[in-house]
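Enquirer: Before anything else, here's the structure in question.
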Amino acid sequence: MKSNNILALVALLSLAACGGGGGSGGSGKENPQRELIEATPGTYYTVLRPVNIQSNGFIPYGAATFTLKDDQLQVSVSMDDDQAVNHRQTLHLGSRCPTAADDTNGDNFIDYNEAMAVVSEVLMPLDADLNSQAAGSEIYPRGRSMTYSKSALLSNINADLMQTMGKKIGFIGRVILIHGTSANSVFPSSLASHNNEPAHLSLPVVCGVLEKIE
């Protein structure tokens with residue numbers, strides 16, 4: 001798996017890991033917001049490229065596909081990762097992934113707070129129950145070689161989001177961010193985490209920006 005991972009890394013870095021082609025990156029701290037376009041039937045896709053590439057010596061990467069037909073949404077996420085940890089994954093309102101230029105405290109890591117400043121608020125957690133933000137809360141898939149597949153009714157998702165944000169869900173140009181790396185990783189004391197959880201669980205590891213492909 002390691003050799004395959006190295007080959008994949010070469011391909012990914014040729015596109016610039018979370019900093020270049022495929023709509024996953026941006027130029028430094030610029031973060032132009034793209035309009036939240038209400039979801040319409042079709043397929044939305046992104047390659048998930050590494051963030052914090054130096055965190056544990058293994059380079060995670062993956063892909064995400066959202067397929068909407070009538071009122072039925074199918075979400076599939078896969079990630080090649082050698083860490084047996086839970087991976088929090090969320091769809092965000094922002095329009096780009098964090099890059100090294102977003103490391104505001106200069107500790108050579110993009111921590112949870114620095115990532116959130118770029119990807120903005122959560123539109124939808126990709127957790128155990130897509131129909132309800134409360135029902136599946138904080139139940140996320142686990143590595144290694146993580147796979148995730150869930151379905152939901154778009155009407156349920158929109159009803160949920162209207163209550164919390166006054167908006168209906170959209171996928172074009174929206175960011176998927178996934179967290180979680182090895183507990184044996186060594187981090188600086190400056191690394192911020194989510195709700196004071198262990199830093200390795202909060203560390204952003206892959207990110208991508210959804211685009212409609214059909």
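Enquirer: Work out, step by step, the length gained on full extension between residue 134 and residue 168: first 0.36 nm times the residue separation, then minus their alpha carbon distance; give nm to one decimal.
Expert: 10.5 nm is the gain from fully extending residue 134 to residue 168.
Enquirer: Measure out, as a whole number of angstrom, how far apart the alpha-carbon centroids of region 164-209 and region 98-120 sit.
Expert: Each part's Cα centre sits 10 Å from the other's.
Enquirer: Okay, next question. How would you order 194-200, 113-119 from highest to lowest mean count of nearby Cβ atoms within 10 Å?
Expert: Peptide ranking by packing, descending: 113-119, 194-200.
Enquirer: Moving on to the next point. What does a probe at residue 190 reach in region 103-137, counting residues whose amide N is under 18 Å from the point 7 Å along Cα→Cβ?
Expert: Taking a point 7 Å out along Cα→Cβ of residue 190, the residues of region 103-137 whose backbone N falls under 18 Å are 103-118.
Enquirer: Something else about it: Could you rank the peptides 122-128, 208-214, 38-44 by their average count of other C-beta atoms within 10 Å per residue, with the highest value first?
Expert: 122-128, 208-214, 38-44
Enquirer: Residue 121 label point, 7 Å along Cα→Cβ, cut-off 16 Å on backbone N: hits in region 152-189?
Expert: 158-170, 175
Enquirer: Just need the relative contact order of region 118-178 here, percent rounded to a whole number, with Cα pairs under 8 Å and 6+ apart.
Expert: The normalised contact order for region 118-178 reaches 26 percent.
Enquirer: Further question: Once R0 is set to 25 Å, what does the formula 1/(1 + (r/R0)^6) return for the Cβ-Cβ distance between residue 63 and residue 108, expressed as a FRET efficiency to the nearest 0.05?
Expert: Details: r = 27 Å, r/R0 = 1.08.
Efficiency for this residue pair is about 0.40.
Enquirer: Once you list every other residue whose beta carbon is under 10 Å from the beta carbon of residue 130, what net charge do they have if Lys and Arg are +1 and Asp and Glu are -1?
Expert: It works out to a net charge of -2.
Read-outs: derived from the displayed coordinates by stated rules, not from any lab. The structure displayed is predicted, hence computed values, not measured ones. Neighbour counts run over all protein chains shown; Cβ positions are idealised from the backbone, glycine included.
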